[in-house]
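The values are calculated or read from the model by the stated rules, or taken from the named source; none is laboratory data. Bear in mind the structure is a predicted one, so any value in this text is a computation, not a measurement. All Cβ positions, glycine included, derive from the backbone under ideal geometry; neighbour counts span all protein chains shown.
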Amino acid sequence: MIKSCSVEINGQPLHMETGRVAKQASGSVVVTYGETVVLVTAVSTDEVREGIDFLPLTVEYQEMSYAGGTIPGNFFRRDMGRPSERETLTSRLIDRPLRPLFPKNYHFETQIIATVLSTDKENESDVLALLGASAALEISEIPFSGPIAGVRVGRIDGRFVANPTISQQEESDINLIVAGNRDGVVMVEAGARFVSESDMIDAIFYGHEVIQPMLDMQERLKAEVGKPKRMIPPPVGDESLEARVREIATPLLKEVIVTADKMDRQQKRKDTEARTVELLSGEYEGRDSEIREAVHSLEKAMVREMILSEGRRIDGRAFNEVRPIECIVGLLPRIHGSALFTRGETQAMVLTTLGTERDEQRIESIYGEYFSSFIFHYNFPPYSVGEAKRLGGPGRREIGHGALARRALLPVLPDGEEFQYCIRVVSEILESNGSSSMASVCGGSLSLMDAGVPIKAPVAGVAMGLVSDGKRVAVLTDIMGDEDHYGDMDFKVTGAREGVTALQMDIKVERLTREVMQQALEQAKEARLFILNEMGKTISQPRSSVSRYAPIIASVKINPEKVRILIGPGGKTIREISNTSGARIDVDDEGTVTVSSPDRACSDAAIRMIREIVQEAEVGKLYKGKVVKIMDFGAFVEIFPGTDGLIHISQLAEERVNKVTDILKEGDEVLVKVLEVGSDGRIRLSRKAALGESLDNVS
């Protein structure tokens, strides 16, 4: 049975249909907006895999090259291999708001696949995939506490715009994705150009209003074609076991939850679990994992109650207090820019490398090919949390944290004309106990300044947490790992003194109210300003010049008509300059020549050679040229490579000259003065006018 429904967003219909394609999936929906089309399917197995005690949910978002009318550039000409960064980030974007909405004891393998079938390269597909994922789950038999929906919010000329087109986003100072349900917001992802906290709140809840009709659409589809939901019995605890665990573990956990040092706390937690299992294993034989889980649940409840009832955090800080901060810059001698940022037990070493235009990252997507001159990579080695694991490529978390840090720093970077370097920043997490992504932002700002990148302003970031029992609320500044684990919110906020540059929020409760979000943003601003002050004690503005180990980049503007001469036949001339000087040279059709070299001497030599080749004759100037052709009426002289002028026979000498060859022969060097440069580019030269002139005046 084919069913569809539509609403209008930003002046065009948003259309959703089910029942036509992918009918063997548990739920499938096609979402269309403009000429962008996304198919989203949800499938769940009906058997629980042995030993599973978590939600085995996978979300895969894929952009097919045919959607953009292109053929893949790989050898096989096939959409294959590792997902692109955008695909990975969008998969995370869909996963994050959906995951908390499944039953706690739902352990069936579940997969959501969102496939972009068509793109008009103006209407984004990511928020359509998020909407389709919720709708596919709603009409399926999979238990799900939805619906939710997502929308992108921009602001152009002070007016909020829902789902702005890609071209509209270039004019917008906000790029915000809001996901929510009827009652509140469940996820936020944003980039901004120094936007105030109050404006961000307004944008978020404008987005929440916009999604309401999208929730209506899903409810209509569910009423018409929805399948009966699979019944999942609520988890049944063993009250006897839980009581015995409370009796034994509570006195021990009271010491655990007030141990400030992370490693000491982890060891005491392990000792508590081991002691509890030891005392109860005979009474509850073969149920060691249940005992450990009960200890974990008890600790969570005790931490939350300590925060809400006593107003006390694990490490004794006030709710709005930031952990101690230490900043060091320039710690690695050969690196172009380096910083070590430590906040509590979280430490990031952030390194900046400056490159040339050739180092820019080339990105292929369904929207076309483009180049990125700012790259941010985040690495999370296992030793940072005291573990020994196999090293591998970056996972979704690493890619997501790197993208967040990049988005936070992007608004303060200089434009390409002001600073022609390609910039790569790498954050190596050396220790982690909460918010290593925000440490990466702070360290990245310090590292960029140490590298001499003329950023507009320093940027800092902080992670906010929440503990709430429905009546009591505690908003926590600069959360540590256990506060994130046991709490209800992870709200990351970055910005400069002038305003917010990025947001990322995930919650474990069903919704977040405007009041709580506003309090979190205000506390985050207070913390951000404190952190910026601490950073400023080490370095408050970019260094006056880049590192002496960074490449030298200079640009020369030449007449576009001279580009062909500079390149030479088959690139011969430009290669000779590069080989002789040791510099890399790039030239565009508008006549901008970029010279990059390892040192100033190479750069100066290359620029000198370029200017010699593309220089233009000036009236009244002396040149030492070479006779390249003899004619009856005069001689053609090459005054510099690629540029000839004519000495008329009357301008060869003071006296009358009968034959040109009486004065000059081909190959002779001769001093000449430019008499005229015609509108057609023809140059009149005079040997007579140059007689008696000093060679010191030669151009």
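Here are the numbers for the structure shown:
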item	result
Counted residues, region 425-440 - those being out of contact with any Phe, Trp or Tyr (no Cβ under 9 Å at 6 or more places or on another chain) and hydrophobic (A, V, I, L, M, F, W, C)	1
Some residue of region 575-588 being out of contact with any strand residue (DSSP E or B) (no Cβ under 7 Å at 6 or more places or on another chain) and closer than 29 Å to I647 by Cα	no
Hits in region 464-509 - residues which are assigned to a loop (DSSP other than H, G, I, E, B), small (G, A, S) and either in contact with a helix residue (DSSP H, G or I) (Cβ under 9 Å, 6 or more places away or on another chain) or within 12 Å of S435 (Cα to Cα) (or both)	G487
Some residue of region 192-211 being of a type in the set (D, E) and within 21 Å of P100 (Cβ to Cβ)	no
Test set (1) crowded, with 24+ Cβ neighbours inside 10 Å; (2) closer than 25 Å to L521 by Cα; (3) of a type outside the set (D, E, K, R); (4) at pLDDT 95 or above - A403 fails condition number	(1)
Selection count where residues are surrounded by 24 or more Cβ atoms within 10 Å (Cβ to Cβ), among the small types (G, A, S) and within 21 Å of the chain's Cα centre (by Cα), scope region 451-470	4
Qualifying residue in region 536-550 (condition: on the phi < 0 side of the Ramachandran plot, in contact (Cβ under 8 Å) with a residue 12 or more places away in the chain and not in a loop (DSSP other than H, G, I, E, B))	yes
All strands (runs of 3 or more DSSP E) inside region 643-699 with 1 or more residues being within 11 Å of Y623 (Cα to Cα) and touching a helix residue (DSSP H, G or I) at 6+ places or on another chain (Cβ under 8 Å)	669-677, 683-686
Pick from region 348-375, criterion under 19 Å from S547 (Cβ atoms) and among the hydrophobic types (A, V, I, L, M, F, W, C), ranking: surrounded by the most Cβ atoms within 10 Å (Cβ to Cβ)	V350
Single residue of N105, N123 found to be assigned to a loop (DSSP other than H, G, I, E, B), modelled with pLDDT under 95 and of a type in the set (S, T, N, Q)	N105
Count of residues meeting criterion [under 23 Å from A67 (Cβ atoms) and either surrounded by fewer than 18 Cβ atoms within 10 Å (Cβ to Cβ) or not assigned by TED's automatic domain parsing to the domain that holds Q168 (or both)] in region 18-52	6
Residue among S686, S650, S603 that alone is within 25 Å of R575 (Cα to Cα) and small (G, A, S)	S603
Selection status of G395, over 23 Å from R86 (Cα atoms) and outside the structural domain of R78 (by TED's automatic domain parsing)	no
Residue in region 218-234 that is surrounded by 19 or more Cβ atoms within 10 Å (Cβ to Cβ) and in contact with a Ser or Thr (Cβ under 8 Å, 6 or more places away or on another chain) present	yes
Pairs with Cβ under 7 Å, 6+ apart, first in region 553-569 and more than 17 Å from S597 (Cβ to Cβ), second assigned to a helix (DSSP H, G or I) and hydroxyl-bearing (S, T, Y)	I567/T573
Residues of region 177-232 that turn out to be among the polar types (S, T, N, Q) and closer than 22 Å to D488 by Cβ, as a count	1
Considering residues of region 346-378 that are outside any strand (DSSP E or B) and closer than 30 Å to R77 by Cβ only, the residue nearest to the chain's Cα centre (by Cα)	S373
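The rows are residues; the columns are (1) more than 60 Å from the chain's Cα centre (by Cα); (2) modelled with pLDDT of 90 or more; (3) not acidic (D, E).
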position	(1), (2), (3)
L652	yes, yes, yes
K659	yes, yes, yes
L671	no, yes, yes
G681	no, no, yes
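Residues checked against (1) at pLDDT 95 or above; (2) surrounded by 15 or more Cβ atoms within 10 Å (Cβ to Cβ); (3) assigned by TED's automatic domain parsing to the domain that holds V186:
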{"position": "A249", "(1), (2), (3)": "yes, yes, no"}
{"position": "K270", "(1), (2), (3)": "yes, no, no"}
{"position": "E283", "(1), (2), (3)": "no, no, no"}
{"position": "S289", "(1), (2), (3)": "no, no, no"}
{"position": "E293", "(1), (2), (3)": "no, yes, no"}
{"position": "A301", "(1), (2), (3)": "yes, no, no"}
{"position": "R304", "(1), (2), (3)": "yes, yes, no"}
